[in-house]
Amino acid sequence: MRASRGTMSQLGNSVSRGHRLLLIQLLLSSFTTRCSWAAIENPPGSVGGDETDGRGQGAESVVVLRRETAYGVVEVIDYTAPAGAIRFLRCGDSIVGAEWLDPEFKGQSAFLNFAIHQAVVFRDPTPRRVLQLGLGAGTVPTALRTAGIYTDIVEINPAVVEAAQAHFHLADGPGVTTVSDAVMFLEQTLPKADHYDVVLMDLFNGSNPACATQTAVLTRIRDHWLSESGILLVNLFGYHDAGQDNTHAAAFDLTVTAFRTLERIFKATRCYREIPIHMAPESPANIVCVAAETRIPRAPFAVPTSGDHANPVELSSFWIQRHFSEFEITDALQKARVMRDATPGDPTPKWKHGGNAGAAQLAHGYRNLIATVYPPARSWGLVAATTRGEL
């Protein structure tokens, strides 16, 4: 997770690099890491040049790896635009991770929600054991393992594990990587050693909003996998308020439902938007919820104010780790939950009405954001299970 002092010094002192990072993060920060799309027909090594990406001409994409698997196509795609170069990892209908190709940004998460996950290394006391449910490109477990924290990983697709190892520098250990469905793993096994100090859950993909509201799964994590003082981090994608129209409000109810479930199971829950509240307020974004059986301070991690975190560029990973507690939305979710619980009549969440209007709204947000961050996606004929009512 930590870049060299020389690299960070250069980054902090370079206005042009700082502006470039800010520009990229403004786009990426609102971009879900689990986006739905149709298959890309490009073979490995194919190049798409001269794309207009909204930031200038000359963008280029290269398919580095393409494999057919039981869970859909796994692809590694390098995308270079005037603003910078990023490597994406695609699995089936999702982008599951990304990393910077530019050396000056090495060690920083390309997606800001993962920067928050990485910040668990600053929890006091430092976690001894972490369980990661869903590997992605391995950005988070690599940071934790590099810091010496024993980190176990559960990932359903062996091809994703191989791609993360070969193309995203997934650290070998300490910790074990298990190929399994995460929910089945939790239900059918128990920790072989001590319980975990942290469980990281990133299974939401935009078409399965119920993944963060499964009472049985969350209860089992609390009772059998977490230590008494352990914490659960759940990654969601959604709206932080009800907005100005019914479809926005219906989508916001997805977030409220997840929060309500966590609040019912755990004694303490706090939720944070990955970017400042004033930034892209009408757009969905990643939301990280922290749940525990013990008190959670507003700033759950003791992030340092020296070294890489002394004067970080705005919207860099280090800046997000310093400031994400300022983006808390817990109060808004509690008020929305109280209002909904106090409403007589049909208790069914709004997103279950009107042809899954809330889920469809999120799917629409996905399509727009994917095409903004990766312009070639405009030709993919994007699809989402949410628009088909598969919830």
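The values are calculated or read from the model by the stated rules, or taken from the named source; none is laboratory data. These numbers were taken from a predicted model, which means no experiment stands behind them. A quick note on method: Cβ atoms are made from the backbone with ideal geometry, for glycine too, and the neighbour counts reach across all protein chains shown. Ligands, DNA and RNA are excluded from the accessible area calculation, which covers all protein heavy atoms including side chains. Shrake-Rupley method; radii C 1.70, N 1.55, O 1.52, S 1.80 Å.
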- Item | Heavy atoms of residue 187: accessible area, 1.4 Å probe, square angstrom to 10 | 100
- Task: With the full set of protein chains in place, find how many percent of the accessible area of the range 126-246 is carbon and sulfur; take the probe as 1.4 Å.
- Result: 50
- Message: Given the whole protein assembly as supplied and a 1.4 Å probe, what does the accessible area of residue 215 come to in Å², nearest 10?
- Response: 60
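Solvent-accessible area per residue for the range 158-200 at a 1.4 Å probe radius, Å²?
Result: 50 Å² per residue.
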- Contour minus Cα-Cα distance for residue 246 and residue 279 (0.36 nm per residue): 9.8 nm
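What translational diffusion coefficient, in µm²/s and rounded to a whole number, does the Stokes-Einstein relation yield for the range 88-140 at 20 °C and a viscosity of 1.002 mPa s, taking the hydrodynamic radius as the Kirkwood radius over Cα pairs? The partial results should precede the final answer.
Numbers: Rh = 12.4 Å.
This corresponds to a translational diffusion coefficient of 173 µm²/s.
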- Note on the structure: Output row, site residue 69, 7 Å Cα→C-beta label point, backbone N cut-off 16 Å, window the range 172-198, residues 177-183
- Message: Between residue 228 and residue 311, what is the label-point separation in nm under the 7 Å Cα-to-beta-carbon projection?
- Response: 4.6
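Please calculate how many Å² of accessible area the range 243-335 carries per residue, with a 1.4 Å probe and no DNA, RNA or ligand atoms counted. Could the numbers behind the result be given before it?
Numbers: 3580 Å² over 93 residues.
Per residue, the range 243-335 has 39 Å² of solvent-accessible surface.
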